[in-house]
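Only one structure is covered here, and it is reproduced in the block below.
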Ligand SMILES: [Zn+2]
């Protein structure tokens, strides 16, 4: 069967139709992409997760030689639960030059446009390869990218540049912060709320921890580098959720705090977490135990996404800048898989993709038609480059 030719919009429509919310398997989408590539004679490799319910995919278009370019995207999307969508999130819908649908902007459009250009890439006579790299579970902590990057590091001849197609409005991004999150469970001892001397409230001590995070935040802000390219300039903490307590007249036995921070890429990613854990252990826990020996504090790492430093990305910046037609190089504070690919493959990397991060994770997520046009221009210039010696 000769491979089918579809345009960017039709490919995006097909990819959006797969509900690849991170809690679901992404295999239906991966199977589709693998079949599409195969129908054009392009073999791909899968890197499955432990239980085999999800997989990364990579494939090489053109000669299997070094100096190619990697186009990287994640297949999963964030949930639509509880969001007031006007259209069906899994049906690509055009209204006023905007294409609505979950994942349009974050980030199926980038690789939909690249995949739609596959027949053109094959006809063009590439001299340098174009590699596709599709990951799973980016949205819940860049879980798939580690094994994908590791497999590509051993199996793909060293590329010249990696493009992570997260939404940047097609501007070139060469740095971002790291992101780390934890769950800390405070265990106290129940007592009647009038008898505070007989128990220990997990909620009250969780509150002390949050106060501690605020004081560290103030200290970091005061010491923030004045010439930082990040906004905010310093590392930032956030307590995302708190769950605890049973009733108004009981000292809370349990309180669970989901917290984390965004650290500058130039600083060690684990330092703030180690410092907070040490404070919990040496400062807070003894105070809790003094009230009741059953008290406990347990902290578990949820996810860590390495930062992405600007150093060593010049070649990718130059190439992506020439393909996007934009000289502006910037930084973002949201995490991507860029740091993982940069470290594992040791190849210059940038983030550059269609759409605005402001629309990511939102109800009624959309991508502007003009951003699709801009990304198509980027891909066309990239293919021209790949055809030259
Ligand atoms: Zn994304």
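Since every read-out is calculated from the coordinates, none of them should be taken as a lab result. Note that the structure is predicted; figures quoted are calculated from it, not measured. Counting neighbours? That spans all protein chains shown, and the Cβs are built from the backbone with ideal geometry, glycine included.
Our estimate of slack between residue 298 and residue 127, defined as 0.36 nm per intervening residue step minus the Cα-Cα distance, is 56.1 nm.
Restricting to DSSP H runs of at least four residues, report the calculated mean residue ellipticity at 222 nm for the chain, -39500 (n - 2.57) per run over all residues, nearest 500 deg cm²/dmol.
Values: 11 runs with 123 residues, N = 389.
After summing the helix terms and dividing by the residues of the chain, the value is -9500 deg cm²/dmol.
Helix 145-155: angle to the longest alpha-carbon principal axis of the chain, degrees 0 to 90, nearest 10? The angle comes out near 40 degrees. In the chain, the longest principal axis of the Cα atoms and the axis of helix 314-324 are about 60 degrees apart. Above 26 angstrom, tally the Cα pairs of the range 1-146 and express them as a % of all pairs, no decimals. The proportion of pairs with Cα distances above 26 Å equals 25 percent.
Would you please state the base-10 log of I(q)/I(0) at q = 0.07, 0.08, 0.12, 0.14 1/Å for the chain, with intensities from the Debye formula using one equal scatterer on every alpha carbon? Scattering profile of the chain, log10 relative to I(0): -0.37, -0.48, -0.93, -1.16. Taking max minus min of the alpha-carbon positions on each principal axis, the range 277-320 gives extents of 62, 17, 9 Å, largest first.
Ordering 381, 14 from the fewest to the most neighbouring beta carbons within 10 Å gives 381, 14. Each of 334, 261 was scored by other Cβ atoms within 10 Å of its Cβ. Arranged with the fewest first, they read 334, 261.
Averaging Cα coordinates gives a centre for the range 58-95 and one for the range 31-49; these two points are 15 Å apart.
Using packing as a proxy for protection, rank 70-80, 18-28 so that the peptide with the highest average count of other Cβ atoms within 10 Å comes first. Display every interim value, and only then the final one.
Values: 70-80: 24.3, 18-28: 19.0.
Taking the mean over residues of other Cβ atoms within 10 Å, the ranking is 70-80, 18-28.
Can you bin the range 281-389 into rounded, prolate or oblate? Criterion: square roots of the alpha carbon gyration tensor eigenvalues sorted a ≥ b ≥ c, rounded for a/c under 1.5, prolate for a/b above b/c, oblate for the rest. Mind dumping the intermediate values first?
Working: a/c = 4.21, a/b = 2.28, b/c = 1.85.
Cα axes put the range 281-389 in the prolate bin.
Stokes-Einstein diffusion of the range 310-374 at 10 °C, 1.306 mPa s viscosity, Kirkwood radius from Cα pairs, rounded to a whole number: 118 µm²/s. Gyration tensor over the Cα atoms of the range 78-117: the corresponding equivalent ellipsoid has semi-axes (square roots of 5 times the eigenvalues, largest first) of 20, 13, 7 Å. Two numbers describe the Cα atoms of the range 179-312: Rg and Dmax, which are 17.0, 61 Å.
Any idea what angle helix 27-39 forms with the longest principal axis of the chain, computed on alpha-carbon atoms, 0 to 90 degrees, nearest 10? The helix 27-39 is inclined about 20 degrees to the chain.
Panel order for 317, 45, by other beta carbons found within 10 Å of each beta carbon, from fewest to most: 45, 317.
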